[in-house]
Each structure stands twice: as structure tokens, then as C-alpha cells.
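**Student:** One structure, pasted below without further comment.
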Amino acid sequence: MTEKETMEFKETVNRIFRAPARINLIGEHIDYNGGLVLPACVNLYLTAFVKYRNDNKIRFFSRGFNGCIETTLDNLSYSKRFKWAIYPIGLFYILSKKGYEFKHGLDIYYESEIPSGSGLSSSAAILDVTGLLISNIYNLNLSLLDIVYAAKAVENDYCKLKSGIMDQAIIALGKKNNALLLDCNTMNYEYKNMILDDYMFVILKTNKPRKLVESKYNERVEECNKALSIIKTKYDVDNLCMLKPNDLPDIKLLLNDDILYRRVKHVVLEQARVIVFSNALGKGDINQLGRLLNESHESLKNDYEVTGIHLDTIVEAANKFGAVGARMTGAGFGGCGIALIKKDNNNFKDNVIKYYSEKLGIIPDVYMINIVDGIKEI
Ligand code: GLA
């Protein structure tokens, strides 16, 4: 849409909804292994401006995309022509399969500050915000968890990405100044206060165009499933996170496969780190938090192999210039890292940008962030 069309659209909307981006403090690549994760919402937003229609058309607009993507409420099956609107259309599809009815069409304009493909979960943001707007506009009374499950079904069944539930869950359930300690096996959760006095988290955006994320992601999920099926021949477990660190020597012999073993080792030790990290967060034990961030990154680099030169370099830069700890966040293979730094480390941003750009010839971004609430109607 042009600037003028956008202004006109926004001035005549019926409803406005908003979703934040997310970071994951720790617990990486273990949501789909039944593990504990500790994500939080950050103040980069995707906003959906909605106008009601009298017919059964649904039309999707976004900043930076000319024209619109359009379909009708009786024509929701997967199609390549839906392009980026595959997520919201997928949600209409999944909810319609569950028996929900939509009485009229909509025009939706999405405006996003969440860079897509950056590992901050722009896809879960568009899914959750669309879930909330559908629920509120058509009076479906969906709970936040209903929205989370529907959003995950779109990713898994409609888009065929085997992602876990962490991103959809945090963007729906997030709470200001809190991280969400979520058990992805039971879906039990509790909030962990994140007031860190003189310290804060920052986002380190590598600006590496992400490639192969989906295929590599699915490959990791398959490796874990393969390891689990072997482990189940001896252990009575439903998922890899039910194993304990002291099972690892025996698991190594049982798997007899270096790659599968290193994947399992990461999962089991990362799960243990989440528990220690969340206790340290409660006590404000900054050094412990920093140590665990670094250990998590090393494990994702060496054992799970999802980092790469860009994430490794930005984490190295962060630690070089005073971070207490840093790690990649999200799926990896490019995207973003996070660092825990002292609030008065005024040169951190400039130093990291300089070091990283001199090494890799790409200018990264460093965002100072706040921890905010999840999806909302505004
Ligand atoms: C992506 C997925 C999540 C999770 C992370 C890695 O963000 O969407 O489900 O698996 O990667 O922790």
C-alpha cells in the first residue's frame, strides 16, 4: 500500500491488535523434545489493523508489499499464491476445520517492527495476533492456549515446519518484566521475575540472511526423533528431556553414533541448565546467569551445530566487550543472539558493531530492549 492508502486504512479501522517479538533466555531446541524453556516478550511489535467487510472475502495487506493477498472464507486450502499471508490464512483454515464459523470477511493490514527471518519469531507474532483478532471479532471465546495450539498447528500441519510450541506460547502468554518458565511436555508454566537491577538483556542481530533454516531445523527434529526411538528400546521415556545428565555415558554406548549422541547431549544438558538458570534469575545471581548463557552457546555450537560464523562472532564480540554472558537465541543458523550486560556499559553497542563489521563485513544491529506483555487488543 502507498503511504496515503495506509493512512486512510488506519484511520477507518474497526479494531487494532498487537503482538510482540520474543527472545529465548535459555532452553534452546528443547521445546520439541518435551523440555523446559525460558522465553520472554520484547518491545518490537507487529500490529494488525482490521476492517470488517460485508462479503466473505479476506484480504491481507502489509507494509512493503504492494497490492494485497486475497481469498474467500470458503477457499482456505494451502496455496503457494498466499505467499507471506500463508500464516493468517492458515489460521482461518485450522480454525474452520475445528468447526468455528466466520460470519463475514475482513481486510487486515499488518505493520511490523519485527524483522522477518531474524529469529525473533515474526511468524509466531503474526499467527498469534491473527488468532486473537479472529477470536475477538467473531466472538469465538478462544483461550490463549487455544490460540497457541491453533498457531502451532498452522506451522506444523499447514506450513510443514516441525517447530515446537515455545514461540506461539510466549507471544500469547508473555508478561511485562517476566520470563515464562514453560514445560513444553505438560504445558504447565510459571512466570519468573526478570528485574536485574544494574543489568539488562540486549539483542544482537547478525543481519546474516538466513538460509536453510527450515530444512536444517527439520533435520535436527528428525535426528532427535531417531535418537529417541533407539533410546526407547532401553529406557522408559516419552521424550529426550526425561533423561538425566548421568544417563549420558550409557546413552553414548547405546546410540553408538557420534552425531546422534551430541544432539542428545545438548538436549539433556540444556534442560539441566534451564533449571539452574531459572533459580539464578530468582536470586539475581548474575555471574551464574552469564556462565550458563555461554555454556548454552558452546553446546549449540559444538554439539547441536546450529550457530555458524555470524552468531559465533557476535557472541564473541559481546563477551569481549563486557557482557557477563551471551548466546544465540531461537532456531539459529543466523538470526539473533542475546547478551546480558551492565546497564552502564555505554560503549557496548558501538564496540560490538565495530568488531563484528570489521571481521565479517556486515553491519549488525544491537537493540536495547524491554520485557513486555504478550498479544493484546489495543
Ligand atoms: C524456533 C522454533 C521453536 C524452537 C526454537 C529453538 O524458534 O519455532 O519452536 O524450537 O526455534 O529453540
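We did not get these values from a lab; they are worked out from the coordinates using the rules stated. Just so you know, these numbers come straight off a predicted model, no measurement behind them. Glycine gets a Cβ as well: all are built from the backbone with ideal geometry, and neighbour counts include every protein chain shown.
**Student:** Multiply the residue gap between ASN43 and LYS226 by 0.36 nm, knock off their C-alpha separation, and tell me the result in nm, one decimal place.
**Tutor:** Answer, rounded to one decimal: 62.1 nm.
**Student:** OK, next. Can you put HIS29, HIS104 in order, fewest other beta carbons within 10 Å first? Mind showing how you got there, number by number?
**Tutor:** Working: HIS29 26, HIS104 14.
Ordered by Cβ neighbours within 10 Å, fewest first: HIS104, HIS29.
**Student:** Name the shape class, rounded, prolate or oblate, that the alpha-carbon gyration tensor gives for the range 311-378, where a ≥ b ≥ c are the square roots of its eigenvalues, rounded holds for a/c under 1.5, and otherwise prolate holds if a/b is larger than b/c and oblate otherwise.
**Tutor:** Numbers: a/c = 1.99, a/b = 1.47, b/c = 1.35.
Prolate shape, in that a/c is at least 1.5 and a/b is the bigger ratio.
**Student:** Now for a separate question. Rounding to the nearest 10 and keeping the result within 0 to 90°, find how far the Cα-based axis of helix 309-320 lies from the longest principal axis of the chain.
**Tutor:** With both axes taken from Cα atoms, the answer is about 60 degrees.
**Student:** Straight-line reach from LYS97: which lysines fall under 28 Å, measuring Cα to Cα and dropping same-chain residues less than 8 apart?
**Tutor:** Those lysines meeting the cut-off are LYS51, LYS57, LYS80, LYS83, LYS152, LYS160, LYS162, LYS376.
**Student:** Now, a different point. By how many degrees, between 0 and 90 and to the nearest 10, does the Cα long axis of helix 144-153 differ from the longest principal axis of the chain?
**Tutor:** The angle comes out near 80 degrees.
**Student:** Related question: Taking only C-alpha pairs under 8 Å that are 6+ residues apart, what is the relative contact order of the chain in percent?
**Tutor:** Numbers: 769 pairs, mean separation 91.1, N = 378.
This gives 24 percent for the chain.
**Student:** May I ask you to sort ARG22, ARG273 by Cβ crowding, counting other Cβ atoms within 10 Å and putting the fewest first?
**Tutor:** Details: ARG22 29, ARG273 22.
Ordered from fewest to most neighbouring Cβ atoms within 10 Å, ARG22, ARG273 come out as ARG273, ARG22.
**Student:** Gaussian network model of the chain, Cα springs within a sub-10 Å range: biggest mean-square fluctuation belongs to which of SER123, SER357, SER296?
**Tutor:** Among SER123, SER357, SER296, the largest GNM mean-square fluctuation belongs to SER357.
**Student:** Okay, next question. Could you calculate the FRET efficiency of ASN185 with ASN287 from 1/(1 + (r/R0)^6), where r is the beta carbon distance between them and R0 is 22 Å, rounded to 0.05? Don't skip to the end; give the middle numbers.
**Tutor:** Numbers: r = 30 Å, r/R0 = 1.37.
Taking R0 as 22 Å, the efficiency between ASN185 and ASN287 is 0.15.
**Student:** Stretched out fully, how many nm does the piece from HIS104 to LYS354 gain, at 0.36 nm a residue minus the Cα gap? Intermediate values should be presented prior to the final figure.
**Tutor:** Working: separation 250, 0.36 × 250 = 90.00 nm, distance 5.24 nm.
Roughly 84.8 nm would be gained on extension.
**Student:** Helix 286-302: angle to the longest alpha-carbon principal axis of the chain, degrees 0 to 90, nearest 10?
**Tutor:** The angle comes out at about 80 degrees.
**Student:** With springs connecting C-alpha atoms under 10 Å apart, model the chain as a Gaussian network and identify which of VAL154, VAL221, VAL237 has the largest mean-square fluctuation.
**Tutor:** The residue that fluctuates most here is VAL237.
**Student:** Ranking CYS41, CYS241 by Cβ neighbours within 10 Å, fewest first, what do you get?
**Tutor:** Starting with the residue having the fewest Cβ neighbours, the order is CYS241, CYS41.
**Student:** Would you look at the GNM of the chain, springs on alpha carbons closer than 10 Å, and say which of THR233, THR307, THR71 moves the most?
**Tutor:** Top of the fluctuation ranking is THR233.
**Student:** Quick one: length gained pulling ASN256 to LYS320 fully straight, 0.36 nm per residue minus the C-alpha distance?
**Tutor:** Details: separation 64, 0.36 × 64 = 23.04 nm, distance 3.77 nm.
Result for the pair: 19.3 nm of gain on full extension.
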